[in-house]
Amino acid sequence: MQLKIGTALTLEPTYTDRVEKFRCKIVEQENNIIYIDYPVNTMTNKTAFLVDGAQFRATFVSEDKVSYAFNTEVLGRKLGNIPTILLSCPPIEDFVKIQRREFVRVNTSVDIALDYNNKFYQFVTEDISAGGLAIHFNKEFPFNEGESVNLTIVLPFMNGEIRYVKTDGNIIRIIEKDRISIASLQFTDTEDIDKQYIVRFCFERQLLNRRKLEANTT
């Protein structure tokens, strides 16, 4: 799997409260730098101006129809027959394979507060994805399958930033596993910006988990 000239990229800002997407194509590549044509905002169809230092998550589809994502940063501009923007390109091992609809479910522990019947309960996740999460209990819980709850999810990012995502969730199922109850919840009515934070968090944790696995096998 390699980036090639002509590969279409979708860019999404990672450190902003704006929900935007830009489409562009790779024009040239040199070592760890890729050159793209000027991107177009997918909502307005207008050419976008990307400032130096802006950070994005880039996604693309490989020749074998698999979707990948990687983090990138605007490095500058190059004038020529085709004006281009320079983006940083990490090594291929830092690319993360993704599903077409959302990022895969990531096994990780994050703190959440659950509001049910005006009472708050604190739990830790078993896993999380852009579409929902699983929480585990070592004590009795008051809710049942099919009920709705309010969630506050604490998302700590690799740069030290912490975001508190608020969303609703439906309790899809509750199972017993090794004497621990696990509840699977599906997100509902999630704001676009909050969904973007969850996707970004999942991406970072996938990359972090991969690095830990590689370190343990070397």
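The values are calculated or read from the model by the stated rules, or taken from the named source; none is laboratory data. Treat the numbers as computed from the prediction; the structure is a model and nothing was measured. Heads up, the Cβs are rebuilt from the backbone with ideal geometry, glycines too, and the neighbour counts pull from every protein chain shown. For accessibility, only protein heavy atoms count, side chains too; no ligands or nucleic acids. Shrake-Rupley method; radii C 1.70, N 1.55, O 1.52, S 1.80 Å.
Please work out if residue 144 is within 16 Å of the chain's Cα centre (by Cα), more than 20 Å from residue 72 (Cβ to Cβ) and not in a strand (DSSP E or B). When the stated conditions are applied, residue 144 does not pass them. Is it true that residue 53 is of a type outside the set (Val, Ile, Thr), assigned to a loop (DSSP other than H, G, I, E, B) and at positive phi? In short, yes.
For region 164-175, does any single residue satisfy the condition of being open to solvent by 90 Å² or more (accessible area, probe 1.4 Å), within 24 Å of the chain's Cα centre (by Cα) and of a type outside the set (Phe, Trp, Tyr)? Yes, because at least one residue in region 164-175 is open to solvent by 90 Å² or more (accessible area, probe 1.4 Å), within 24 Å of the chain's Cα centre (by Cα) and of a type outside the set (Phe, Trp, Tyr). Of the listed requirements (1) hydrophobic (A, V, I, L, M, F, W, C); (2) within 22 Å of residue 10 (Cβ to Cβ); (3) touching a strand residue (DSSP E or B) at 6+ places or on another chain (Cβ under 8 Å), residue 92 misses just one: (3).
Summed over region 9-58, residues that are modelled with pLDDT under 90, open to solvent by 80 Å² or more (accessible area, probe 1.4 Å) and of a type in the set (S, T, N, Q) total 1.
Look at residue 154 and say whether it is in a loop (DSSP other than H, G, I, E, B) and surrounded by fewer than 19 Cβ atoms within 10 Å (Cβ to Cβ). Against the criterion (in a loop (DSSP other than H, G, I, E, B) and surrounded by fewer than 19 Cβ atoms within 10 Å (Cβ to Cβ)), residue 154 does not qualify. Of all residue pairs spaced 6 or more apart or on separate chains, none has beta-carbon atoms under 6 Å together with a first member in region 83-94 that is among the aromatic types (Phe, Trp, Tyr) and a second member that is open to solvent by less than 30 Å² (accessible area, probe 1.4 Å) and in a strand (DSSP E or B). Taken over region 11-43, the criterion of being in contact with a Phe, Trp or Tyr (Cβ under 9 Å, 6 or more places away or on another chain) and either within 21 Å of residue 92 (Cα to Cα) or part of a strand (DSSP E or B) (or both) is satisfied by 11, 12, 13, 14, 22, 24, 26, 27, 28, 29, 40, 41. Of all residues in region 178-218, count the ones that are open to solvent by less than 30 Å² (accessible area, probe 1.4 Å), touching a residue at least 60 places away in the same chain (Cβ under 8 Å) and charged (D, E, K, R). Selection size over region 178-218: 1. Just one of the listed residues (86, 3) is crowded, with 17+ Cβ neighbours inside 10 Å and either touching a Pro at 6+ places or on another chain (Cβ under 9 Å) or modelled with pLDDT of 95 or more (or both), and it is 86. When the residues of region 118-164 are filtered to those that are at pLDDT below 90 and acidic (Asp, Glu), the one that is nearest to residue 179 (Cα to Cα) is 140.
Filtered by the rule that a residue be of a type outside the set (A, V, I, L, M), part of a strand (DSSP E or B) and open to solvent by less than 10 Å² (accessible area, probe 1.4 Å), region 113-141 gives 125, 132, 137.
One residue alone among 47, 7, 42, 14 is closer than 30 Å to residue 162 by Cβ and without any contact (Cβ under 8 Å) to a residue 60 or more places away in the chain, and that residue is 42.
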